[in-house]
Structures are given as structure tokens and as C-alpha cells.
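Reading through the C-alpha cells given below for one structure.
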Amino acid sequence: MKRELIIAIDGPSGSGKSTLSRRLATALDYTNIDTGAMYRSVGLAAYRAGIDPGEDGALSALCAGLTIDFLRKDGEERVLLNGEDVSEAIRTPEMSLMASRVSANAAVRKAMLGLQRALGEQGGVILEGRDIGTVVFPGAEVKFFLKASPRERGRRRCQELREKGLDISLEQTIEEVERRDSADTNRLHAPLLRAEDAVVIDTTAMTIDQVLQRMLSVVAERRQQIGSTSVRKELES
Ligand code: DC
């Protein structure tokens, strides 16, 4: 049987990646892999161990000794770091920053790349992150790059944090989102970059359902293209 697709979703924070990849995964009955959660878990482990994101050797050893697993519990995605549920602990503003800092480290990226490829290679998956369409799965059948204005991304992030009870200002959140995106975009290893063949969707003024419909139609189109190519190949052989 033909394997199912690999779908890559990249973009800056607050562009809608997490929400859309979950919705798309449900609609297609695919597995959703939040690669940001993996970098956040490494950030949390480094923070707890007192390792500075600049310490290459210590970070490399840390990655070699940890396990990151995804689990569905009561309809929710949970992240396990060495068996411990860290789903909430990795979502604080401090861990956003820590994740961004450890993610610039080559040894950390190498370790995560191996895990992500192992998780996705069977297909039937959506991976969301910063370098999925460019580095992790450059051959992914469908690639999306989501974007939105900095103000809108800051507004979404601020709302998310306030819902968790954090007392945070909109201006401060916009500033933090912009600072983190600039670090993710300007780093040396696997920076945030749009793949040339990615479908770009500006979600600034779109509802979640509108974006989802657009993504579903791209996936349907791509499936048709792939289907007709393989039929042609079979006829030619
Ligand atoms: O998507 P997120 O905000 O949870 O990601 C947290 C950080 O992890 C982000 O600032 C950059 C990094 N990251 C990355 O470098 N590559 C990925 N594929 C995913 C996330």
C-alpha cells in the first residue's frame, strides 16, 4: 500500500502552526508532531540541570541521556520528558526563551533531527516547527509556511498566556515574540526559513476554519497530482 503523506508546517511563533497542525491532523486522521515541544523539553532539562545554552559538551551529553515522547490523554496531546508529563512546564515565557536558545546549538539540532525523522518517516504525519520543510523533511509532499503580522502574533500569544493566568502586557509580548523570531531566523544552524516549494498562507486576517479549508484543499490537490503521476508512471513502465 502507498504510504501516507508527510506534511511540513513551518513559520514564526503565533502564526497559527500549533492550532492548525492539530486541526489538520484530526481532519486527515494523521499524527501531529510538535517539534517546538521537543526543543522546549531540552530547554527545560538544561534549565533544571543548570546547563547554559552555550555549553556544547554538556548539552550534547544531556540530549544523549533524555527521552521525549508524545502521548494522547483524554483527547489531549501530552509531552513526556524522561517519562514525566511536562506539557505545562514547557509553555512558560522562560521556557520559550530557553527553547530558542538551546535550539541554536548544533548538537541539540542533530539529536532532535534524528528523533524527528524517526517519528515521521512512515508518513501519515504532520510536523510543525521552523525547519521541517527545509532540513528535517525537504522531500515532504506538502509544505506550508504560515505567517502573520507581528502585532497579530503578539496578540495571539498574549491571549494564550493570559488564559493561563499570566499577568503580561501586549507590548511586552510583541517585543518578546519579535526578539525570539529574530534569533530563530538569524541563527547559523537550520534557521527559520521558507522552503521554496512551500505554500505560504498569511493568517493575519483569517479565521482558523478558513486557514484549515485552504490547507485541506492544498492537500487534496497534492494527493491528486501524486496519484496521477504514479498512474502515469505505471502506464509508462
Ligand atoms: O514552536 P515553539 O514556539 O514551541 O518553538 C520553541 C522554540 O524552538 C522556537 O523559538 C525555535 C525552536 N524550534 C526550532 O528551532 N526548530 C523547530 N523545528 C521547532 C522549534
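Structure values in brief
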quantity	calculated
Selection within segment 179-193 - closer than 14 Å to Pro93 by Cα and more than 17 Å from the chain's Cα centre (by Cα)	Arg179
Ala45 being within 14 Å of the ligand (Cβ to nearest atom) and within 24 Å of Asp209 (Cα to Cα)	no
Residue tally, condition among the aliphatic types (A, V, I, L, M) and within 16 Å of Pro138 (Cβ to Cβ), over segment 113-125	2
Subset of segment 189-221 (residues that are under 30 Å from Gly54 (Cα atoms) and open to solvent by less than 80 Å² (accessible area, probe 1.4 Å))	His189, Ala190, Pro191, Leu192, Ala195
Count of residues meeting criterion [surrounded by 15 or more Cβ atoms within 10 Å (Cβ to Cβ), part of a helix (DSSP H, G or I) and among the basic types (Lys, Arg)] in segment 171-188	1
Residue match in segment 53-68 (condition: away from the ligand (no atom under 15 Å from the Cβ), open to solvent by 10 Å² or more (accessible area, probe 1.4 Å) and in contact with a Ser or Thr (Cβ under 8 Å, 6 or more places away or on another chain))	yes
Hey, Leu20 more than 14 Å from the ligand (Cβ to nearest atom) and in contact with a strand residue (DSSP E or B) (Cβ under 9 Å, 6 or more places away or on another chain) or not	no
Qualifying helices (runs of 4 or more DSSP H) (wholly inside segment 30-122; at least 3 residues being farther than 25 Å from Val177 by Cα)	56-64, 106-120
Residue match in segment 92-99 (condition: β-branched (Val, Ile, Thr) and open to solvent by 20 Å² or more (accessible area, probe 1.4 Å))	yes
Hits in segment 121-170 (condition: aliphatic (A, V, I, L, M), open to solvent by 10 Å² or more (accessible area, probe 1.4 Å) and away from the ligand (no atom under 16 Å from the Cβ))	Leu170
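The values are calculated or read from the model by the stated rules, or taken from the named source; none is laboratory data. What you see is a predicted model, and the numbers here were worked out from it, not measured in a lab. Backbone-built Cβ (ideal geometry, glycine too); neighbour counts: all protein chains shown. In case anyone asks, the SASA skips ligands and DNA or RNA and just uses the protein heavy atoms, side chains included. Shrake-Rupley method; radii C 1.70, N 1.55, O 1.52, S 1.80 Å.
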